[in-house]
Each structure stands twice: as C-alpha cells, then as structure tokens.
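One structure below.
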Amino acid sequence: MKKILAILFFITVSVHAQYKITGQLNPAEKYNWVILYKVEGARQNFVKSGSVKKVSKIIDGKSVSVGQFEFNFSKENKPGTYRVTYNVEKNGYVDFIFNNENVTFLFDPNNAEESISFSESTENKLYKEYTALVTSEQYKTDSLQVDYLKNQQKVTAKLYKTQLAKIAALQKIYLSKSKDRMAKSFIKATNRYNSPLIIAKPKDYLKSVVNHFFDNIDFNNETLYNSTFLVDRITDYVFYMNHSDDVKTQITLHKKAVKTVLQKATNPIFKRDLIEFLITQFTTQNNIELADHLLNSYYRKLPLSNQNTEFITNFLEQTQVSIGRVAPEITWKENGKNYKLSTINEAQNYVLIFWSTGCSHCLREIPKLHTVSKNKKNTKVIAFSLENNDRDWKSWKKKLPGWHHIIGLNKWENLVSRQYQIHSTPTYIVLDNTKKIIAKPETLDEVKKIVEYLEE
C-alpha cells in the first residue's frame, strides 16, 4: 500500500511540477508591474503579468531593498527565450532562457543587459559565462587587427594567431559543456568569424566582416528562431554593418543587406514577421523609400495567405504624410476658382500650414511667417485653417494677402485634418513642385531656415 501511495504521489508531483522564475531589480526603483512574453520568431507573445514587491536581501554582505517578481512555470510553458518587460515607455526589459529549470536573476534596471547575473539556471549561467569570456578574447583579437591595419608588424600577426587559437579552444570547451542544452545553439552562433590570416587593408577587413557575418548562424535553428538572437543580429547587419555617409550609397547598401537576410530567412512565417519588423524600423527612421521597397519588392510577393492586410493598411495610413510621400489631395474654391493641390503650379516649393484663429500660438506666428514669405519667388504658402465657423477666418485672411486660403470646418474632425494626422496647430509641411513632402519643420525658426535655403 505504501508503495502504491508513493507512486501516486510521484505521478502527482510530476504532472503538477512547477518551476519558479524569480527576478530581482536592484535598485528597486519605482517599478510595480512586469509583463512576461515568449519570443517566437520576430514577435513577442504575451504570457502573463505580475507585480513587483519590495523585499530585503543580503547582497555583498549588505542588506538592500530590491524589487522582486516571480512567475510559476508549468508544463504548459514551453522551453525557449522569454522576455520580462519592466518599463514599457523606455523599452526596459531582460531576456532569459527557460529549459525546464528554475531561473533566478538579479539586474540593475538602469543597465539591464550588462548587469544581469544568474544565481540559478544552468542554461543561463553557462551562456552568460561564455559570452563574458569570448567577448574579452574577441576584444583582444579585434585590437590586434586594428593595430595591424595601422602598422604591419610580424609580432602583431603572431599574437593574432595566438588569439585565434584561444578563441577556438574556448569555443570547443563551451560547445562540450553545453552538449544537449539550448545554450549550445547560442554559443555556436555567437562565435564570430575571424579571418585565419590577419588583414592588412581596412577595406578588405570590412569586406571580410560583412561577407562572413552570418557564417555561424543557422536561420533554420528553432532555438535561435524562437529568441531575439536572429532579429538582433539582423538589425546589426542591416543598420550598422552596412553604413555609408553618402545617401545614395546607403540606400544601395540597405537594399543589398535586406536581400541577403531575406534569402536566408526560409521559414515563411519568420520571413513575413521579419519584413514587417524591417518596414517598421525604416518607418521609425523616416526612411519611407526603403520601407516602400520592402513592402513592394518582398511583402506583396509573399503568398496571399501569409500577408497581413491589416499591417499593410496601417502602414500606408501611418506613412501617408511622411517625408518622401506625395501629399494627400486637397481641393478648394477660392475667389470663384477651383483648385487642387496636385495640379497647382505656381512655385517650385510650397509651405502648407495648418492653423486656427482660435490658436493664440498661431496668431503670433502667422504674421511672422507672412513677413518671411513676402516676395519669395520659389515658395508659395497654402494656409489651411481649422475652424468651427468662418467668422474670424474671413477677417484674418484679409491680413495675409498673397497666400492661398482654405477653411476646414469641424476643426479636428475635418476630413483633411484627419487625413494629414493634424493633432496640434500650427503644423508646417514643406512640399516640392511635385507635391512630395520634403520637410516637416516643428518650429517657425526651422520653417524660416528651410524657406531661405529653398530660395537660394
């Protein structure tokens, strides 16, 4: 009977086995909540949220108050990379590997990535230990390479070979230590390519780094796929490894880099998510040309079943008044004549200003802008006034001769106002003669400088 009870107890414990994920913030700061995500491809999927409690801990022999959160994991929580976000506004987060073991870590929320340390979890301790050692040895290797680029000495080349041997030995040790563990995938992929022979010319060195950037990274590795590793490396490659101060060269490099990574991303779901990620990154950087290139050359060529029409719609709506876009159409009647923004042809450039007679800030700036724009041959002002009625607008437009004047009734609910995503007045938008948006200055001083530049 005792044996039967013992077996039943063991089965019950196994079925309901739980692992604890314990995180500690030091200093505790003012964080009260954390959100747990599981990383899958280029997405973060919500798992649960939790509270941060202030507790006393002994750290380095001293009693300190830390913020502590805890999550219970069961068999439903699959192994993989998880992310704890503690500061949504400033993108504060920490990542950890979960592979059916307790995980305990401490970090400084002001410097999370570099300060995080694991006191429990073989996977995380092993990978953290490896990255610290390999980073140190790689730094020494890079330093020798840089020295050799400046002065080709035999002793430097000899030391470089010694460093390569150290890194190879380190890699061998930790690949063995991580056998049958998730950390092995990261250790293998983190091993950066180093030329077997030290390089003498800077151009050859940079070419080597770029050409071999993904040599040790398997895009089809499920562990890497379900982590931030691939996206982080792709971000480094596209936005940092392929850089030029020349605008045209930079566009060419970006396009080539994007093509390289998308050829490697064979998983259809990851490829879709990756394109969405890159489109979002380029949009954030106001690089609409590259975002459009990704949309039209890659995203729209995915199987229709893989395309997210909501993403496309949101992207086009979000960027319809971005720099590089042709300004949305505006039609109006003025002095008995019909006008269209797309066909007006009175200047080489236009300043489109959204303002209101009920905006005291506007009433201070509008006369100043009128003075600046007087007698400008290459620039014409189109003033779109957001009003509830036309009473004050009629008298104000008489004070501003030489401009095109448009009234938009219903103020913030006006269709043109909403289309141009106007949230405050005054809002300035500068257009070229094709009505492409070339600048969105935030202050009158910026407008003045742009107008003066366009008149040169």
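The values are calculated or read from the model by the stated rules, or taken from the named source; none is laboratory data. In this text, all values refer to a predicted model and were calculated from it rather than measured experimentally. Don't worry about glycine lacking a Cβ; one is built from the backbone with ideal geometry, like all the others, and counts go over all protein chains shown.
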How many residues are surrounded by fewer than 15 Cβ atoms within 10 Å (Cβ to Cβ), within 31 Å of the chain's Cα centre (by Cα) and not in a helix (DSSP H, G or I) when one looks only at region 408-433? 3
Counting only residues that are loosely packed, with under 15 Cβ neighbours inside 10 Å, touching a helix residue (DSSP H, G or I) at 6+ places or on another chain (Cβ under 8 Å) and of a type in the set (S, T, N, Q), region 208-260 contains a total of 2
Return a yes/no flag: does region 300-316 have any residue that is under 30 Å from Arg233 (Cβ atoms) and buried (at least 18 other Cβ atoms within 10 Å of the Cβ). yes
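Can you give me the ranges of the helices (runs of 4 or more DSSP H) entirely in region 309-407 with at least 3 residues that are hydrophobic (A, V, I, L, M, F, W, C) and more than 20 Å from Leu454 (Cα to Cα)? Before the answer, list the steps.
Numbers: elements: 309-319, 360-373, 391-398.
Helices (runs of 4 or more DSSP H) meeting the threshold: 309-319.
When you scan region 66-82, do you find a residue that is assigned by TED's automatic domain parsing to the domain that holds Ile21, of a type in the set (Ser, Thr, Tyr), at pLDDT 95 or above and surrounded by 18 or more Cβ atoms within 10 Å (Cβ to Cβ), even just one? Don't jump to the end; show me each part of the working.
We begin by selecting, within region 66-82, every residue assigned by TED's automatic domain parsing to the domain that holds Ile21; these are 66-82.
Retained after the next criterion (residues that are of a type in the set (Ser, Thr, Tyr)): 74, 81-82.
Within this subset, residues satisfying the condition of being at pLDDT 95 or above are 81-82.
Right, trim to surrounded by 18 or more Cβ atoms within 10 Å (Cβ to Cβ) and you get 81-82.
Looking for residues that are assigned by TED's automatic domain parsing to the domain that holds Ile21, of a type in the set (Ser, Thr, Tyr), at pLDDT 95 or above and surrounded by 18 or more Cβ atoms within 10 Å (Cβ to Cβ), one finds at least one in region 66-82, hence yes.
Residue-by-condition table, conditions (1) at pLDDT 95 or above; (2) within 19 Å of Glu446 (Cβ to Cβ); (3) hydroxyl-bearing (Ser, Thr, Tyr); (4) surrounded by fewer than 16 Cβ atoms within 10 Å (Cβ to Cβ):
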| position | (1), (2), (3), (4) |
| --- | --- |
| Gln318 | no, no, no, yes |
| Ile323 | no, yes, no, no |
| Asn338 | yes, no, no, yes |
| Leu341 | yes, no, no, no |
| Thr357 | yes, no, yes, no |
Restricting to region 270-308, what's the tally of residues that are part of a helix (DSSP H, G or I) and either under 16 Å from the mean Cα position of the chain (by Cα) or over 30 Å from Ile422 (Cβ atoms) (or both)? 24
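Quick grid of which residues meet (1) under 37 Å from the mean Cα position of the chain (by Cα); (2) under 24 Å from Ala291 (Cβ atoms); (3) in the same structural domain as Gln285 (by TED's automatic domain parsing):
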site: Phe315; (1), (2), (3): yes, yes, yes
site: Asn335; (1), (2), (3): no, no, no
site: Ser356; (1), (2), (3): yes, no, no
site: Cys362; (1), (2), (3): yes, no, no
site: Glu365; (1), (2), (3): yes, no, no
site: Leu369; (1), (2), (3): yes, no, no
site: Val372; (1), (2), (3): no, no, no
Leu274 meets each of (1) in the same structural domain as Asn296 (by TED's automatic domain parsing); (2) touching a helix residue (DSSP H, G or I) at 6+ places or on another chain (Cβ under 6 Å) with one exception, condition (2)
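With the structure loaded, tell me whether Lys376 is touching a strand residue (DSSP E or B) at 6+ places or on another chain (Cβ under 7 Å) and either surrounded by 13 or more Cβ atoms within 10 Å (Cβ to Cβ) or modelled with pLDDT under 95 (or both) or whether it fails that test.
Numbers: touching a strand residue (DSSP E or B) at 6+ places or on another chain (Cβ under 7 Å): no; either surrounded by 13 or more Cβ atoms within 10 Å (Cβ to Cβ) or modelled with pLDDT under 95 (or both): yes.
No, not satisfied.
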Inspect all residues belonging to region 168-177 and state whether any of them is among the charged types (D, E, K, R) and within 24 Å of Asn99 (Cβ to Cβ). yes
Of everything in region 116-140, what is in a helix (DSSP H, G or I), more than 14 Å from Arg192 (Cα to Cα) and β-branched (Val, Ile, Thr)? Give them in sequence order. Thr122
Among the residues of region 434-452 satisfying the criterion of being of a type in the set (Lys, Arg) and in a loop (DSSP other than H, G, I, E, B), which is surrounded by the most Cβ atoms within 10 Å (Cβ to Cβ)? Lys435
Just to be sure before I move on: is Ile167 surrounded by 13 or more Cβ atoms within 10 Å (Cβ to Cβ) and farther than 30 Å from Val47 by Cα in the structure I sent? yes
